[in-house]
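Participant: Got a structure here, written out as structure tokens. Questions coming.
Coordinate-derived values only; no laboratory data. All figures in this text were calculated on a predicted structure; none of them were measured in a lab. So basically every Cβ, Gly included, is an ideal-geometry build from the backbone, and we count neighbours across all protein chains shown.
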Amino acid sequence: MTSRPTRNRRLAVATAAFAVLPLLAACAGSNATGAAGEVEGSTIVLTTVTGLEPQFQEYADAYMEAFPDRTVEVRSTTDDAAEYAQQLATARLSGELPDVFFNVDFLADTLAKNNVTLDLAPGIDDGKLGDLTIDDFLPQFVGQYRPLDNPDQVTGLPVSADSVGLFYNKTLFDEVGVTEYPEADWTWEDMYRVAEEIQTKSGGAITGLAAPLGDGTAQIVYGPVIQAYGGFVYDPETGTSGIGQPEAIEAWTTLLAPYGTASGEYTTTADDPTLKFDSGSIAMGIGSRGAVPQTKTTLADADWDVQVLPTIDGNSTAGGGSYGLSIAQTSQSQDAAWAFLSWFYDTDAGMKIAQEVGGVIPPTDDGIDNGTWKDVSPPPANIAIFGESARTAVLLTQMPGASASVMSEATKKATQQVLLEGRDIAEAFQEAEATVNDAIAKETK
Amino acid sequence: MTAPPLTKTPPPSADAARPLVPAAHPPGRRNRRVDALTATLFVSPAMIGFFIFVIVPAVGGLVLAFFEWDLFGTPVFVGLDNIVRLFTDPDMWQALGVTVLFVVMGVIPTIIIGFLLAVVVNSNMPGIGAWRVLYFTPMIASAAVAAIIWVNLYNGRSGLVNQFLALFGVDGPNWLSDPTWARPALVIMMIWGALPIVIILYLAGLQRVPEDIYAASSLDGAGKWRQLWSMTWPNVWGTTLLIAVLQAVGFVSGSFEIALIMTDGGPLGTTQSLALYSYKVAFTQRDIGYASALSLFQLVLIIVIVLLSRAIVRTRKERS
């Protein structure tokens, strides 16, 4: 006969096993395979981040107007990258991945490695995007969606060729009597000098330059600056980071210089108003083309413009990046997903609307040269600079697994150690480099 | 002469022994079984929900502490690696220290301020209605909204806190970006957020204190302060213990969202509690196994707090 405590123990063990087995089975990932499906009469789900949902809804509406028997359901739940990754993982576990979804450089490799994203290269070669070929896209932007282990694959297509420029508020320049507006031939010294002059003349009421490094995580700024000094953030061939190398230390020295003089004091969070150009109290700020629509709204009464980023040793320091669209390997409506992408990347259809609605710069040579994205009413009058810098922009480096996130934390910590504790720049960033290299080694083991 | 009785006692009768409400069923094993079945049926929806949404994830989290998993791939069993890593990870020790400091700096002031405010709210002083509304305001604001408001209050250049200090010639720090001041700044905000529930609990406790002991102590010459510390405070000891446990657990886990929004754990990790650290490890670094081990460690910490409080209650009961 079994005693009651023994029975209870068995019950507990059985309960635990019952609880854990489905969970571990789910963690192992969905083994469902995709299918071509039908295009006519199809319904596909498109997931994006919350900030982009309104414009994607407009694209979907336009598509459904063009093809009334097809449906595109747009969904979004978050703007936070970590949460978005978590939700994709959850969707995958439950076999509910969307057919088409927002993808981004730092997530692309992980999604490809785990067979979440479909390799689009064969489909494009088969003409599923009409006349558009891979070679029509700017190679550096497509490169963000090539898996590190398998660079022949393309697991996402960039939506917009975004690069950064120097935003400046002429109204604030005029307010303090500074007439030297940013020029295309400016160096970083020029930018700092004028920023300091504005900040001093305003008695600190106006921030001369939103700190380029932000809270220490702005890779879109520090990546190109390190490269301009001859260094590198990540070398895929050796699988190492060089953020602690002598060239990079020169870059960090430049980037850490303006806090408190040409920029405000250091702040812990990247979304602090003192770091935002559109707060109206910042004379200059480095920002992405994607910030133009928002700035037009918030600085409606100010006279502002954009200029190419200053150079270092004659080298461009413009960074860039993109988000992309991917198709899920498990999609049961892959042909319908292709049909939507084919319409979306057509310069006379989806891309035309994307330029009008989202202000996107098509990531193709033809789109940059002939697109309607330049036809916006000023400000900014000089919006064409984004087309030029998109071609030469140093893009965010794709790194294995989650090591890019580790790098963000490491550079932020090093920045704080230097600015708040007075630690030596070289020491702090060499330690950060070691942390990042450990993470890369762990990801690639 | 015999005095008449003050009340009339009814004559004994057979009805006196009869229960007021007749039992529906005579007690028996069958009825107990029916009762148990009925109770089970009533409780089962909640239990099923509890099992699916609490037990399964909790056990799953426990098991994942022994695996390496990046959210997308297949979990790989790594035995005790994640547990061993806990004790060699300097960031974990720093986060543990921050968590303990949050509890130490937060719980005692919350109890003292909450108790004093509850006494004030419990009084009948003029205009108390308006004060009551003000005290409960933090309850209607979500933590995220409150955090954003406080970020603006603490802003080094334009924040109200520094503008107020400037009136007295004090040059306030850049609160949330200063390694010395960021933690106290967050603790103040968390105390503010915790006060409404503490006041409600103390109000419930105060209303159980018998009025006559105040009358008796007044006759013995006790003043208001003497009554407060010698009569009121000891009489709400049980409530205080409950609040201490709830707030300790709250400061261990509740610091997460506040720190995430206000400081992202910085500067230099001075506001990164265990909860925030495990969140970052899980969803920024996508190291779910180690994050589960961190959560397990946090669970142990909470169990220790609860056991300590039970030991205090037991000791106190034995003494009394």
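Participant: For each of B:34, B:98, A:154, B:59, count neighbouring Cβ atoms within 10 Å of the residue's Cβ, then give the residues from fewest to most.
Facilitator: Details: B:34 12, B:98 23, A:154 26, B:59 18.
Ordered by Cβ neighbours within 10 Å, fewest first: B:34, B:59, B:98, A:154.
Participant: Where the centroid of each part is defined by its Cα atoms, how far is the stretch A:407-432 from the stretch B:59-73 in Å?
Facilitator: For the stretch A:407-432 versus the stretch B:59-73, the Cα centre distance is 31 Å.
Participant: Now for a separate question. Which of rounded, prolate or oblate describes the stretch B:83-319 when judged by the alpha-carbon gyration tensor and an a/c cut-off of 1.5? Don't jump to the answer; show the numbers that get you there.
Facilitator: Working: a/c = 2.56, a/b = 1.39, b/c = 1.84.
Judged from the Cα gyration tensor, the stretch B:83-319 comes out oblate (a/c at least 1.5, b/c at or above a/b).
Participant: Local charge sum around residue A:205 (other residues, Cβ-Cβ under 15 Å, Lys/Arg +1, Asp/Glu -1)?
Facilitator: Working: positive: A:201, B:157; negative: A:174, A:175, A:196, A:197, A:265.
Every neighbour counted, the sum reads -3.
Participant: Please tell me which of these pairs span more than 18 angstrom C-alpha to C-alpha: A:276/A:413; A:170/A:296; A:170/A:201; A:276/B:280; A:276/A:296; A:113/A:442? Working shown, then result.
Facilitator: On the way: A:276/A:413 21 Å; A:170/A:296 14 Å; A:170/A:201 15 Å; A:276/B:280 25 Å; A:276/A:296 14 Å; A:113/A:442 15 Å.
A:276/A:413; A:276/B:280, as the Cα separations exceed 18 Å there.
Participant: In sequence order, what are the phi-derived ³J(HN,Hα) couplings for the stretch B:265-273 according to the Karplus relation 6.51 cos²θ - 1.76 cosθ + 1.60 with θ = phi - 60°, rounded to whole Hz, with x for glycine and proline?
Facilitator: In residue order, the calculated couplings are x, x, x, 6, x, 6, 10, 8, 7 Hz.
Participant: I need two numbers for the protein assembly as shown: Rg to one decimal and Dmax as a whole number, Cα atoms only, in Å.
Facilitator: Calculated on Cα positions, Rg and Dmax stand at 32.2, 125 Å.
Participant: How many nm is it between the label spots at residue B:158 and residue B:87, if each spot is 7 Å from the Cα in line with the beta carbon?
Facilitator: The two pseudo-label positions are separated by 5.1 nm.
Participant: Which whole-number percent gives the relative contact order of chain A, counting Cα pairs below 8 Å spaced six or more residues apart?
Facilitator: Working: 806 pairs, mean separation 108.5, N = 445.
Over chain A, the number comes to 24 percent.
Participant: Once you order the gyration tensor axes a ≥ b ≥ c over the Cα atoms, which shape class does the stretch B:102-188 get: rounded for a/c under 1.5, otherwise prolate or oblate by comparing a/b with b/c?
Facilitator: Working: a/c = 1.89, a/b = 1.64, b/c = 1.16.
Prolate.
Participant: With both bridge residues required to lie in the protein assembly as shown, what share of the DSSP beta bridges run antiparallel, to the nearest 5%?
Facilitator: Just about 65 percent of them are antiparallel.
Participant: Shape of the stretch B:29-77 from its Cα gyration tensor (a ≥ b ≥ c, root eigenvalues): rounded if a/c is under 1.5, otherwise prolate when a/b > b/c, or oblate? Display every interim value, and only then the final one.
Facilitator: Working: a/c = 6.17, a/b = 3.78, b/c = 1.63.
The shape class here is prolate.
Participant: Then there's this: Using 0.36 nm per residue of separation minus the Cα-Cα distance, give me the extension gain between residue A:427 and residue A:180 in nm, one decimal.
Facilitator: Details: separation 247, 0.36 × 247 = 88.92 nm, distance 3.71 nm.
Full-extension gain reported as 85.2 nm.
Participant: For every helix of n ≥ 4 consecutive DSSP H residues, a contribution of -39,500 (n - 2.57) applies; sum these over chain B, divide by its total residues, and give [θ] at 222 nm rounded to the nearest 500 deg cm²/dmol.
Facilitator: Working: 14 runs with 208 residues, N = 320.
Value at 222 nm, helices only: -21000 deg cm²/dmol.
Participant: Further question on the same structure: For the stretch B:83-319, what does the relative contact order come out to in percent, with C-alpha contacts under 8 Å and a separation of six or more?
Facilitator: Values: 247 pairs, mean separation 66.5, N = 237.
Normalised by residue count, the contact order of the stretch B:83-319 is 28 percent.
Participant: Under a cut-off of 16 Å between alpha-carbon atoms, report the aspartates and glutamates in cross-link reach of residue A:352, not counting same-chain residues fewer than 8 places apart.
Facilitator: Counting by Cα, and skipping residues close in sequence, residue A:352 has these aspartates and glutamates nearby: A:58, A:61, A:65, A:365, A:366, A:369, A:375.
Participant: Then there is this: So if I place +1 on the C-beta of Lys and Arg and -1 on the C-beta of Asp and Glu, and nothing else carries charge, what would the dipole magnitude of the protein assembly as shown be about its Cα centre? I want it in debye, nearest 20. Intermediate results must be reported in sequence, preceding the final value.
Facilitator: Working: 44 positive and 79 negative charges, 1404 e Å.
I would put it at about 6740 debye.
Participant: Now for a separate question. For chain B, modelled as a Gaussian network with Cα springs under 10 Å, which listed residue fluctuates most, B:81, B:70, B:35?
Facilitator: Among B:81, B:70, B:35, the largest mean-square fluctuation in the Gaussian network model of chain B belongs to B:35.
Participant: A follow-up question, please. Can you compute the helix-only [θ] at 222 nm over chain A? Use -39500 (n - 2.57) per DSSP H run of at least 4 residues, normalise by all residues, nearest 500 deg cm²/dmol. Write out the running numbers ahead of the final one.
Facilitator: Working: 17 runs with 190 residues, N = 445.
Theoretical 222 nm ellipticity from helices: -13000 deg cm²/dmol.
Participant: While we're here: Counting only other residues whose beta carbon sits under 14 Å from that of residue A:256, what net charge do I get with K and R as +1, D and E as -1? Please list the in-between numbers first.
Facilitator: Values: positive: A:412, A:413, A:423; negative: A:215, A:250, A:265, A:421, A:424, A:427.
Taking every other residue near residue A:256 into account, the sum is -3.
Participant: Compute the FRET efficiency between residue B:300 and residue B:124 as 1/(1 + (r/R0)^6), taking r as their Cβ-Cβ distance and R0 = 45 Å, and round to the nearest 0.05.
Facilitator: The calculated FRET efficiency here is 0.45.
Participant: Just tell me how shielded B:283-296 is by partners: mean number of partner chain Cβ atoms within 10 Å of each residue's Cβ, no decimals. Don't skip to the end; give the middle numbers.
Facilitator: Details: counts 10, 9, 9, 10, 6, 3, 0, 0, 0, 0, 0, 0, 0, 0.
Mean partner-chain Cβ count within 10 Å for B:283-296: 3.
Participant: Taking the Cα atoms only, what angle lies between the long axis of helix B:29-50 and the longest principal axis of chain B, rounded to 10 degrees?
Facilitator: 30 degrees
Participant: Exposed loop trypsin sites (Lys or Arg not before Pro) only (DSSP loop, at most 10 other Cβ atoms within 10 Å): please give the longest stretch of chain B free of them, not including the sites.
Facilitator: On the way: sites that count: B:8, B:208.
In short, B:9-207.
Participant: Among DSSP beta bridges whose residues both lie in chain A, state the antiparallel percentage, nearest 5. Don't jump to the answer; show the numbers that get you there.
Facilitator: Values: 23 of 37 bridges.
Expressed as a percentage, antiparallel bridges in chain A total about 60.
Participant: First select every other residue whose beta carbon is under 12 angstrom from the beta carbon of residue A:156; then total the charges, Lys and Arg +1, Asp and Glu -1. Display every interim value, and only then the final one.
Facilitator: Numbers: positive: A:146; negative: A:105, A:109, A:119.
Neighbour charge sum, excluding residue A:156 itself: -2.
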